Amino acid sequence: MIQIDIDADLNMVDDEDRNMARLPRDSARLKVGSVAVAGRPGFWSWVEIDEVTETSVFFRQISDGEAAAHGDLSVAAP
């Protein structure tokens with residue numbers, strides 16, 4: 001099962017064609033250049049964070065190969 005880091009409508013984009021969403025409550029690990037999973041169960045994507053503001057996060061969708069280039073993408077089960 002995939003862990004969604006950013007609850008997002010992946011059809012919502014800004015004027016620069018980046019996806020955007022509200023900043024999640026647990027946003028400490030969302031830094032510019034980091035990789036996360038955005039979307040909703042059943043429709044998600046690997047993303048790279050472009051910008052983090054006080055209320056929003058902006059990102060671009062990337063391939064699994066691009067995401068893997070950033071390191072281990074697995075998360076330990078709770």
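The table for this structure:
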| item | result |
| --- | --- |
| Given (1) loosely packed, with under 15 Cβ neighbours inside 10 Å; (2) more than 23 Å from G71 (Cβ to Cβ), index of the condition G33 fails | (2) |
| For A77: the one exception among (1) among the hydrophobic types (A, V, I, L, M, F, W, C); (2) modelled with pLDDT under 95; (3) surrounded by 12 or more Cβ atoms within 10 Å (Cβ to Cβ) | (3) |
| Filter result for I49 (within 10 Å of the chain's Cα centre (by Cα), part of a loop (DSSP other than H, G, I, E, B) and at pLDDT 90 or above) | no |
| Hits in the stretch 1-28 (condition: in a strand (DSSP E or B) and surrounded by fewer than 17 Cβ atoms within 10 Å (Cβ to Cβ)) | D7, V13, R22 |
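The values are calculated or read from the model by the stated rules, or taken from the named source; none is laboratory data. Predicted, not measured: the structure shown is a model, and the values here were computed from it. Note that we place each Cβ from the backbone using ideal geometry, even for glycine, and neighbour counts take in every protein chain shown.
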